[in-house]
Every structure is written in structure tokens, then in C-alpha cells.
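First up is the structure itself, then whatever we jot down about it.
Values in this text are rule-based calculations from the coordinates and carry no lab data. No experiment lies behind these values; they were computed from the predicted model shown. Positions of Cβ are generated from backbone atoms using ideal geometry, with glycine treated the same way; all protein chains shown enter the neighbour counts.
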Amino acid sequence: MTDPETSQGGHTQDSHTQDGHAQEATEPPGTRLDGAALDRLRPLAFSVAYRMLGSVAEAEDVVQEALLRLSQTEGVRNPDAFVTTVTTRIAIDVLRSARVRRESYVGEWLPEPLVGPVQTNLPVAMASAPPDAAAHAELADDLSTAFLVLLERLTPTERAAFLLHDVLGYSHAEAAGVIGTSEVSARQLASRARRRIARERDDAARSAPGRSAPGRSDRVRAEELVTRFLAACEEGAVDPFLELLAEDVMVTGDGGGKVPPGLSIIRPVSGRDAVARLLAGFMRRGAPVHFERALVGGEPGLLIVADDVIGGGLIGTWSFEVVDGQLAGIRGVVNPEKLRHLGPQADLERLREWLRNDRQRGGAR
């Protein structure tokens, strides 16, 4: 049987669309797609690439390459199937290379956040986001940051087989054609991925007896928790945070070694008391920042934005995992390289200098 981790090539299911249904030829032989047709396919290609890679920058590079190949190919019978196949195959290669880089990554690795507006009358930062931000936010609503973290446990081909079959609705035969392996291998890859994800979730459930299985948070209830979290930030004391946090809550920070010391956590912090003290301590530093609501990774979250006194700009994002009406996970991304797609960023060295001078003046609040 073909080794699914090393096999190359394979047949392409050009007679099927993304949802697996047969479709007649859409392009007569000898023609190439124009700009409008390629633009229509861009969101599809991005949805596949981002799910595979968890990186906006890498996904956009993959999309560009896939659409370039499509534009240079004549007589493509089904552009949707063609671009999905090419995108997936390029993403597998990129992910294999990225795994090597992530082994030497400083601190915890988290997906690059996709940010969208909350349906409230509250302001949302980064109004100058790129034109495709709305499409990115729609994707983020489909796959949470927590789920993308789970996908990181899979091999590149396991991830492709699982996403194609379980998320995008391909049959195993169609997934095999995209990946370039046999139907039996594609089925085994998806099954193995499913078991690994279930095992991760079971381990999390055993560490917190009585907690219901993770699922899509009730949006209204989750937004109420964010409101209470913001109130706790204003108060800056430990007790208000304790009321919001699950017993086994974990805070994970991703600075990637790219931020000044003291502005990011290197290792995850877990436990209600420890996390409450960490959050309260952060607020008591009196940093010139404010929070703005947003959907981060499809879940309620916050943008951490610098005040005008230090030049403004985005510092980072927090996404919240809500389970049983409590905050079970807080994931923060402050690595500047992972925030470029969201708009202007803050000067972190200027923020650090402000905090140092404030302490020297004895003005810490």
C-alpha cells in the first residue's frame, strides 16, 4: 500500500466540486480563467490553506501560488476542484517545512488570529484592516482557535484527509485524489486523525471531571462573560477574576521570542488562583492600553490596543474558550509577525520604556 506520508502525485478529482457533487465542465478547452473568476475562487482557496496551516501569511502565499497555477492552465473543467487540489498539495509541503521551524519556535505556538467584529454597538479596532478581512472573519467563525490547536497534533496528510472529509464534506475517494494516495489510505488517515482529536478531548475532560464536552459556546452567554471580564480588568483585583475562571483554566501566550521581556508569558499558566493573580498583576501595572471587543478565531475575544500616549496600534489579541459558563482557556498572541494582517501595530519597545519610566516615577497604579 502506498505510504500516505511520502506518496506524490495521484489522480485529481476534477469532476467534483468542493461539496463532492458532480459538475459539468465549466471552461471550454483552450481557455484560461480571467481575473473575476480567480477572485471568486480566492475565498475557497484561503479557507483550505488557513485550515491546513493556521497561518494567515502562509495561507495567502499558498493561495497566490495556487491561483497562479490555475491561471496558467488551459481548459480546466472544474476550477473549484482544481484550486482545492493544488492548494491542499502545496499546503501539505508547506506544513511539513513549518513543522521543522515550529520545533525551534520560542515558547508556545498559536495560530495567527482571524479577527471580525462583534455584533454590538461597541467599537472594534483596526478599522483599516485589509479588504478580505470580512471573509477571514467568516472562516474564523467556522473553526475556533482551540480546534486549530488540536489540529496541530496531526501529521500534514492526516490533517488534510480529516479536513477534506470531516470539515469540507469530500468523500474519502475524493480526498484521496486531492492528497495523491489511495482511498483506503485516505480513510485510514482521516480515522487516525479523528481518534487523535477525540483522545485529546477525552484527556481534557478527564482533567476536569464533570465538565461537559467542548462545543460551540453559546454566543450571548459568552459575550456576557467578556463583559464581566472587562469589568474585572477595570477593577484590577484578584477576586473578580476568580468568579469567571474554571478551576483548570489555562492561559497560553504566543510571543515567539519577538517581544521585549516582560510583555509576554513564555510558558502556559494554569489553575484558577494562578491565572487570577497573573491577570490582576497585569492590570495593576497600569499599562497605557485599552481593550476592544472582537471575534478572535471565531470566539468572543479582545484586542489589546495601545493608547495614544505611546502612539496607538495593536499590541495583541486574546481569545476565550468558554465551557460550562466559565473561562476555560485564554490564548494570547502578541508576536508582531502574527499580527501584521490586522493593521497598524504598537511600538512594544516604547510601551516597555513607558512602563519602566512610570515605575521610576513611582506612578504605578
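Brief remarks follow.
- Most to least packed among 67-77, 185-195, 340-350 [average Cβ atoms within 10 Å]: 185-195, 340-350, 67-77
- The orientation-averaged shadow of the Cα convex hull for region 232-306, equal to a quarter of the hull surface, comes to 5.4 nm².
- Overall Cα dimensions of region 226-352 - principal axes, largest extent first, Å: 36, 28, 26
- Förster-model FRET efficiency, 25 Å R0, residue 220 and residue 247, C-beta, rounded to 0.05: 0.60
- Rounded FRET efficiency, nearest 0.05, which uses the C-beta distance separating residue 239 from residue 57 and R0 of 41 Å: 0.50
- Subtracting the Cα-Cα distance of residue 357 and residue 269 from their residue separation scaled by 0.36 nm leaves 28.9 nm.
- Size descriptor, Kirkwood hydrodynamic radius, that averages inverse alpha-carbon separations across region 54-109, Å: 12.5
- Over 13 Å [Cα-Cα, region 239-280], rounded percent: 52
- Among beta bridges that DSSP assigns inside region 225-364, antiparallel share in %, nearest 5: 75
- Region 215-278-region 50-92 distance, computed between alpha-carbon centres (Å): 37
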